[in-house]
1. What do the square roots of 5 times the Cα gyration tensor eigenvalues come to for segment 123-234, in whole Å, largest first, as semi-axes of the equivalent ellipsoid?
2. Distance in nm between label sites at Arg644 and Ala138, each 7 Å beyond Cα in the beta-carbon direction?
3. For a label point 7 angstrom out from the Cα of Arg499 toward its Cβ, which stretches of segment 593-628 have the backbone nitrogen within less than 15 Å?
4. Net charge near Leu569: determine it from the other residues with C-beta under 12 Å of the C-beta of Leu569, scoring Lys and Arg +1 and Asp and Glu -1.
5. Above 16 Å lies some portion of the pair distances; for segment 266-362, what is it as a whole percent of all C-alpha pairs?
6. Using the Cα centre as the reference, give the magnitude of the dipole from point charges on the C-beta atoms of the chain (Lys, Arg: +1; Asp, Glu: -1; all else neutral), rounded to the nearest 20 debye.
7. Would you compute the Debye intensity of segment 373-413 from its alpha-carbon atoms alone, equal scatterers and no solvent, and pass along log10 I(q)/I(0) at q = 0.20 Å⁻¹ to two decimals?
8. I'd like to compare 13-20, 301-308, 467-474: which one has the highest average count of other Cβ atoms within 10 Å, and what's the full order after that?
Amino acid sequence: MNSVSPIEPAPLAIDAAGVPYSTRYGDIYHSADSGPGQARHVFLGGNHLPGRWNGLNDFTILETGFGLGLNFLATWQAWRDDPDRSARLNYVSVEKHPFTTESLSSLHGRYGEFAPLSAELREKWPVLVAGIHRISLADGRVLLTLAFGDANEILPKLAVQPDAIYLDGFSPASNPGMWTPTLIKAIARKARTGTTLATYTSAAAVRRALESEGFLCDKRPGFGHKREMIGARFAPRWRRQGSAYAGAPAGDKHALVVGAGLAGAAICERLASRGWRLTLIEASPAPAMGASGLSAGIFHPHVSPDDCVLSRLSRNAYLMGMSRWTSLGKSGHRIEWSRCGVLQLPHRISEEEAMVRTLASLAYPVGYARTVDAAEAGVMAKCRVASGGWWFEGAGWLRASSLVRAELDKAERQLTMQFGNPVRRLERRGNDWHALAQDGSLIAKAPVAILANAADMQDLVDVGTPLRRIRGQVSLVPQRGGHVPSIVVTGMGYVIPPREGMMLTGSTYEPENQPLLPPDDANSANLVRLQHLLPDFECPSSPDALCGESAFRAVARDRMPLVGRVPDLEAAKNNRITLTGAQLADMPHLPDLYCATGFGSRGIIWSAMAGELLASLLEREPLPMESDLAAAIDPGRFALRNLRHGLL
Ligand SMILES: Cc1cc2nc3c(=O)[nH]c(=O)nc-3n(C[C@H](O)[C@H](O)[C@H](O)COP(=O)(O)OP(=O)(O)OC[C@H]3O[C@@H](n4cnc5c(N)ncnc54)[C@H](O)[C@@H]3O)c2cc1C
Ligand SMILES: C[S@@+](CC[C@H](N)C(=O)[O-])C[C@H]1O[C@@H](n2cnc3c(N)ncnc32)[C@H](O)[C@@H]1O
């Protein structure tokens, strides 16, 4: 069972000398001589920055203890002001007690030199919930990956290969938990030969722990009144295991993307923003004509008492989605969506109490999720609802086709689209993937291919598991009389507030091995769900008068999406013996072939997560989620399981 402790924000305090101070740890956030000065001398200077990032494609920094972000702001500023800087700066930082935006605002006011940068950081500051938050700054050229949680737990789960490391977790005496040999070992595991490290402390125990993990340390002049600090370089005298990173082939940043639904469009947008050229191939005559063509869908995170993998992944994806869609809107690419709030009701009234207990133990910020009783729920919805439940204030509904178009518009300059052209075969010839039509003619080729064509992916490659096609129908119900909600209400089914006089409600779940429901029966089933959610709503007496829309979901055996590299089943089969005891990272993969599918009933949020994850994999960036979450959706997981059970 997974469990994540709730995030407790840092209290705001300033000591007598005017330095931000932690009442929890009894230590100051930076040298009393100057925070920015310490950042430049110890952390930048200690890692030979600026200078080391000159001319590189990207440069990656890992920090323990984000605090008020002074090290980050000083680094970003130095990078911004350096004409020879790397094309991108990746900054990954771990923080157990993040400040609230309000506290940050008050603290940042003390460091006017960073004003424009700190304002952008605060504008995109995430909600304080556990896990990894991806923040895109400076038009995507600075990628901040914030891991909220205890460093001892979350740092080992970071997928990052730093060029430089900042150790800044209060003094070892006041906060020994940030300097344990175990944590230092976990940090060393992220390093590669040549990674540098700096910390303001000169404690002998820290130096010894670093040395025993392969760092060559030297004492350097400290900052301000501190005599010495540690600078180090990773130079282990033992061989390290190879990297599990994928990464694109060097050279042409060009990918084929098959399928122009939510998955394909998000991938195109995220890769185009990183300078890729994309060729998007779609069987239908226009984008968003599969499941992504439904009039609207809802988005909200999954919540469970044990904060299971699905809950953690959906939290990551939901927050990523909202930040992406907001920034798309800001860049002038309009999406039809509403963050009207989502009220989730229990399937049975008897489960309401358990829902209350669950949220009490998870202690989320109220803006993320809180419980409401039936009376308050009714006030929120502006009509009576069946019971109380969970209230997700920032969640809502979205028209997927508008998101698809917005993403494709944004990627336009780097995008070639081919419609009405189903890919019937994919062949690796030399260093390229060739997408072939029915008659064997070439549709397009590129060094990288990404399959985003839902359950039809299995016509092109075998990932060792079937993807089921599950039909679903939603119904459009005329808004009659009162008793209609102004928010999304979900539980057993869902209802979206009326637009142009029609509410959308759904949906049926019809596996392909059962006879499909006639459309009127599907409408009737949806009305039963609707009545469950809104007891006072006057449902139309004849369901045949309703308009229905249907489509197919793609669903994997474990109901989780498949996002990542496509495994090479033939190679795995031929190497069964050597792969005994293999982990996911050991699985052979088809070269430069990726997929994003199996989005089931959560395609809206999964698409945001999949786009960012694939772009990060291809660009060898820090991953935007913990490695166990990336493993949970790795397309190779089924082949690995089959291998372990002797089924391959
Ligand atoms: C009734 C119903 C209700 C739903 N409600 C919600 C909801 O409320 N919230 C939510 O988040 N999700 C919901 N979903 C799920 C969501 O719609 C899907 O998960 C999502 O649209 C899947 O996006 P996709 O891009 O993977 O697939 P699709 O949108 O199906 O796109 C795949 C594309 O690939 C193309 N293609 C296939 N094969 C080929 C080929 N060989 N060559 C070229 N092109 C090809 C297809 O034409 C299609 O355009 C619902 C789904 C259904 C059916
Ligand atoms: C000295 S401050 C960091 C200052 C920061 N680097 C800056 O530039 O503003 C140390 C930080 O470590 C965090 N911290 C302490 N213990 C931690 C732990 N176990 N895991 C993660 N963060 C921790 C504290 O909450 C605090 O914000």
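1. 25, 16, 15
2. Those two pseudo-labels are separated by 4.2 nm.
3. 604
4. Combined, the nearby Lys, Arg, Asp and Glu give -1.
5. 73
6. 1400
7. -0.66
8. Output ranking for 13-20, 301-308, 467-474: 467-474, 301-308, 13-20.
The values are calculated or read from the model by the stated rules, or taken from the named source; none is laboratory data. The structure presented is a predicted model; accordingly, all values stated were derived computationally and were not measured. Cβ atoms come from the backbone with ideal geometry, glycine included; neighbour counts cover every protein chain shown. Side chains included, ligands, DNA and RNA excluded: accessible areas come from the protein's heavy atoms. Shrake-Rupley method; radii C 1.70, N 1.55, O 1.52, S 1.80 Å.
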